[in-house]
Amino acid sequence: MVSIFKKRIIAYIADYFVVSAIMWILAEILAILIIPYSMFIIYNYFIIIAPIAGIIYFVLLEKTKGTTVGKHLMFLKVVSIKNTEETPNNEDENENKDNESTQQISYKQAIVRNLSKIYWVPIIFDVIIGKYYGNSDERILGQLSKTKVVDE
C-alpha cells in the first residue's frame, strides 16, 4: 500500500499541472488581447499572478470540495481537526474521531495551510519542519491550521 505522504506528493504534482494549464489558458487569452496593442509588459506580472492563481485554486477547492484535483485523483481529502473541543461530552471517543474526520475546513484554515504553496521553495521547508515538529505526516502549516489530509 502506498503511504499517504507519497500520495500527497503525486497529488501536488498533478495539482501543479492543473495550475499550469490554467495559467497557460490565461496567457493565451491575454495574448489575443495584448498582441494587437503590443503591450507585452503585462507578462512581467505573471511572476505575481501565477502564485496568486495557485493559492486561489488550492483555497477554493479545499474549502468548497475538501479536495483538489490531484488529491481527488489520489483519494485524499482535507479535514479540520479543530472540532474536538466543540463536541458534546455525552459522545464517546470513537464518535468524536468520526465527527473530526468529516468536518469541513474554513477559509482561514485553507489560506493558512496553503501559504507555503506560493512557490516551490517554501513548501520544501514546510514539509521538512513538519517532519521534525509534531506529526510526521503533516506539513507545519497543516498543523498550525489544525487540518490534516486523510484517505477518503
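Structure above, values below:
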{"item": "Calculated percent of Cα pairs over 29 Å apart (choose from (1) 34; (2) 10; (3) 27), label", "result": "(3)"}
{"item": "Region 1-88: translational diffusion in µm²/s, Stokes-Einstein, Kirkwood Rh over Cα pairs, 37 °C, 0.692 mPa s", "result": "214"}
{"item": "Extension gain (nm, one decimal) between Ile129 and Leu26, 0.36 nm per residue minus Cα-Cα", "result": "33.7 nm"}
{"item": "For region 111-124, 3J(HN,Hα) per residue [Karplus equation, 6.51 cos²θ - 1.76 cosθ + 1.60, θ = phi - 60°, Hz, x = Gly/Pro]", "result": "5, 4, 5, 9, 4, 6, 8, 4, 10, 6, 5, x, 5, 5"}
{"item": "Greater than 21 Å apart at Cα, pairs in Lys117/Lys146; Lys63/Lys148; Lys7/Lys108; Lys6/Lys131", "result": "Lys7/Lys108"}
{"item": "About the Cα centre, charge dipole magnitude for region 4-151 (Lys/Arg +1, Asp/Glu -1 at Cβ), debye", "result": "520"}
{"item": "Asp15, Asp137 arranged by Cβ crowding within 10 Å, fewest neighbours leading", "result": "Asp137, Asp15"}
{"item": "Point-to-point label distance, Val2-Ile52, nm (Cα→Cβ direction, 7 Å offset)", "result": "3.4"}
{"item": "Backbone HN-Hα couplings from phi across region 66-74 [Karplus 6.51/-1.76/1.60, Hz, Gly and Pro as x]", "result": "x, 7, 9, 4, x, 5, 5, 5, 9"}
{"item": "Extension gain, Glu152 back to Trp120 (0.36 nm per residue minus Cα-Cα distance, nm)", "result": "8.9 nm"}
{"item": "3J(HN,Hα) from dihedral phi, region 4-19, Karplus parametrisation 6.51/-1.76/1.60, rounded to Hz, x for glycine, proline", "result": "5, 5, 5, 4, 5, 5, 4, 5, 5, 5, 4, 5, 4, 5, 5, 5"}
{"item": "Dipole-positive endmost among Gln104, Met74, Ile49 within the chain (Cβ charges, Cα centre)", "result": "Ile49"}
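Any read-out appearing in this document is the output of simple, stated calculations on the displayed coordinates, not a laboratory observation. Note that the coordinates shown come from a computational prediction; the quantities given were computed from them, not determined experimentally. Reconstructed Cβ throughout: ideal geometry from the backbone, glycine too, with neighbour counts over all protein chains shown.
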